[in-house]
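One structure is given below, encoded as structure tokens.
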Amino acid sequence: MQLNKVLKKKILIDKAFTIILICAMIIYLVPIISIIYETVSRGLPALNLDFFTKPIPTAGEEGGGIANAIQGTVISIALASLIGIPVGILSGIFLSEYRELKITSFIRFINEVFHGIPSIIIGLFSFVLISKRIGFSVLAASFSLALIMIPIVTIVTQESLKMVPATIREAAFSLGIPKWKTTIFIVLRGAWQGIVTGILLSIGRIIGESAPILVTMGFYRWWFSGLDRPVSNMALNIFIFAMSPFQNWVRLAWGTALVLLVLVLLLNIIPRLMMLRREVRYE
Amino acid sequence: MFGDKIFKYTTAFFAFFIVISFLMLIYELYKGSYLAISKFGLSFIKNTVWDPVNGVFGALPLIIGTIVVSLLSLLFSLPISIGVALVLVLYLPRKISRGLAVLIETMAGVPSVIYGLWGLYVLAPFLRENVYSVLQSMFGFIPLFSGPNYGIGFLTGSMVLALMITPIITAVTKDLLLAVPTSIKEAAVSLGPKKKELALIMIKYIKPGLFAASLLGLGRAIGETMAISMVIGNKFKLFPSSLFDTWYTLSAIIANEFLEATYDLYISSLVYIGLLLLAVTLAVIIIARIIIWRFSKVRGEI
């Protein structure tokens, strides 16, 4: 009888615990679903042909689109990738293929710390280094975006190179192939899927960055006119438009948010699917 | 071999690029804030006036705002993150859990301006109409609950930040839970057949890792800029007058005033704030990293 009571109480406490956990899940999921739902439902009405083909309207003007922001964002990301991808891959190779060296663990540590530095600070760095000399410019913005990319690409390259079995390297060495050739033509080839994953993830990260854009080139709503001049940027536009009192700009902010959300979701999910496929293959 | 040497030094050069950038970042921020440092010195940290018209700048209210807002967001986020991670690992079937985990990890990648936009146009009006106003009508006689209700403010800001750091803390917690050795789990199960015991013992086991995860989340919350600047109200004051009042943080003031800063000392003061922000986040991240490294080492030995 007594035992039965204790047991019942235990079961009750266990159930209460489960309910609390499920509540935690719901408390998190409701806002998340709301973010996705509101972005889609408020962004969708803003999307039409004009949205993608017309330039940004002046404050208070009706209609218009974000064409020059799309151009500017593509240019910024392309320039950032031009620096970020090669530097990231090469440093990832060093950290993985020469991991017996003591210095690599120090560099890895710095790399991880750098990865955690808030993007606004990286933007300020680029501002002092470049914008202060040549003015607000796409060059300064892309440099800060590249610095955000590099740690991500480095970490992912390093991890995917490590996953290539040592036997493959040994087989190549036994044939007398030098290390650099082995790394570039054999090891890198086996790891390319992981590296592409890292690149996509890093682009997904910088496409939504607005804080470094704000301090390196400011708000600009015209077309590209040179590397030492600013360009327009989608993520920063959301901030400027949302904080403005103009209905039309707020509308464009939601539209831009939807486009960015879709891009970011794709850039996050495609790499994951790729990794899943790879896991299946290795199993 | 010659080719190998070139290869080694080329890749080493690029690996050092990040180290050099890191050192340059500290130096350039110092250089950029030199004007403010030479004018205000360290008393910049304890001054409570921010007056761009007369060129007087102090950061104490911003520092307090940053600490309060980021700690509040951690307070909101930590229990939820632990709960979500436990549900994912212990309670859901593997397939559903995997799908949800992908969704949550993806939310970590959603740009902060989108969180800010949602916070400003969806969450703030909702809280103003349905939560804050109700709280005011019930507890309005307590000073903490009185005062103007804009919807935006430091409490709303902390909630948005909590949403943003939850995916990070959840992901780390989930990995920690999955790495709990089977022997520990078996021992826990032998003590009682209930999941609650198992969950609590696992949580106890991963405590140091959990502390590091919280620090990572905290570091992110401290440095988060655009979202907080959109929902906190951006008003410079030492303390808010109520829970619903507006406030300011270190990062928010940079985002909100950088484009309006018209003279060198003003810009320099904002860069000085960036330098303070860097010092705080570096301390938090480095402690977190060291704990994680140690924890994974200890686990590796078992």
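Applying the selection to the range B:160-197, what residues are within 13 Å of chain A (Cβ to nearest Cβ) and modelled with pLDDT under 85?
Residues satisfying the conditions are B:Leu191, B:Gly192, B:Pro193, B:Lys194, B:Lys195, B:Lys196, B:Glu197.
What's the number of the condition A:Lys162 fails, among (1) within 12 Å of chain B (Cβ to nearest Cβ); (2) part of a helix (DSSP H, G or I); (3) at pLDDT below 90?
(1)
Criterion first (of a type in the set (A, V, I, L, M) and within 26 Å of A:Glu38 (Cβ to Cβ)) does B:Val89 satisfy it?
No.
Among A:Gly218, A:Gly190, which is the only one that is on the phi > 0 side of the Ramachandran plot and in the same structural domain as A:Ile148 (by TED's automatic domain parsing)?
So the residue among A:Gly218, A:Gly190 that is on the phi > 0 side of the Ramachandran plot and in the same structural domain as A:Ile148 (by TED's automatic domain parsing) is A:Gly218.
Count, please, the residues in the range A:56-95 that happen to be part of a loop (DSSP other than H, G, I, E, B) and buried (at least 16 other Cβ atoms within 10 Å of the Cβ).
Qualifying residue count, the range A:56-95: 5.
Of all residues in the range A:251-270, how many are facing chain B (nearest Cβ under 8 Å) and surrounded by 19 or more Cβ atoms within 10 Å (Cβ to Cβ)?
8
Cβ-Cβ under 8 Å, sequence separation 6+ or interchain: first residue in the range A:53-74 and acidic (Asp, Glu), partner part of a helix (DSSP H, G or I). Which pairs?
A:Glu61/A:Asn248; A:Glu62/A:Asn248
Residue under question is B:Ala15, and the condition is that it be touching a helix residue (DSSP H, G or I) at 6+ places or on another chain (Cβ under 6 Å), facing chain A (nearest Cβ under 9 Å) and within 25 Å of A:Ile117 (Cα to Cα); does it hold?
Answer is yes for this residue.
Which one of these is more than 8 Å from every other protein chain (Cβ to nearest Cβ) and among the charged types (D, E, K, R): A:Lys132, A:Lys54?
A:Lys54
Do you know which residues across the range A:195-241 are touching a residue at least 40 places away in the same chain (Cβ under 8 Å), assigned to a loop (DSSP other than H, G, I, E, B) and facing chain B (nearest Cβ under 9 Å)?
A:Gly208, A:Glu209, A:Gly218, listed by residue number.
Kindly list, by first and then second residue, each pair from a residue in the range A:7-26 that is more than 12 Å from B:Val84 (Cβ to Cβ) to a residue that is surrounded by fewer than 17 Cβ atoms within 10 Å (Cβ to Cβ), limited to pairs with Cβ atoms under 8 Å and residues at least 6 apart or on different chains.
Listed by first residue and then by second, the contacts come to A:Lys10/B:Gly192; A:Thr18/B:Tyr91.
Could you count how many residues in the range B:72-101 are surrounded by 15 or more Cβ atoms within 10 Å (Cβ to Cβ) and farther than 20 Å from B:Leu216 by Cα?
The number of residues fulfilling the criteria is 8.
Can you pull out every residue in the range A:150-205 that is of a type in the set (Lys, Arg) and surrounded by 13 or more Cβ atoms within 10 Å (Cβ to Cβ)?
Passing the criteria: A:Lys162, A:Arg169, A:Lys179, A:Lys181, A:Arg205.
Which condition number in (1) under 30 Å from B:Asn234 (Cβ atoms); (2) at pLDDT below 85; (3) not aliphatic (A, V, I, L, M) is the one that B:Phe154 fails?
Evaluating B:Phe154 over (1) under 30 Å from B:Asn234 (Cβ atoms); (2) at pLDDT below 85; (3) not aliphatic (A, V, I, L, M) leaves (2) as the failure.
Which of the helices (runs of 4 or more DSSP H) found entirely inside the range B:150-267 contain at least 3 residues meeting this: closer than 26 Å to B:Val122 by Cα?
Where helices (runs of 4 or more DSSP H) fall fully within the range B:150-267 and carry at least 3 residues being closer than 26 Å to B:Val122 by Cα, they are B:154-178, B:207-223, B:226-231, B:250-257.
Of all residues in the range B:218-246 being surrounded by fewer than 20 Cβ atoms within 10 Å (Cβ to Cβ) and basic (Lys, Arg), which is farthest from the other protein chains (Cβ to nearest Cβ)?
Among those residues, the one meeting the criterion is B:Lys237.
Within the range B:55-71, does at least one residue satisfy the condition of being crowded, with 19+ Cβ neighbours inside 10 Å, assigned to a loop (DSSP other than H, G, I, E, B) and within 14 Å of chain A (Cβ to nearest Cβ)?
Checked against the condition, which is being crowded, with 19+ Cβ neighbours inside 10 Å, assigned to a loop (DSSP other than H, G, I, E, B) and within 14 Å of chain A (Cβ to nearest Cβ), the range B:55-71 yields no hits at all.
The values are calculated or read from the model by the stated rules, or taken from the named source; none is laboratory data. A quick note: this is a predicted structure, and the numbers were derived from the prediction, not measured. No Cβ is skipped: glycine too gets one built from the backbone with ideal geometry, and neighbour counts run over all protein chains shown.
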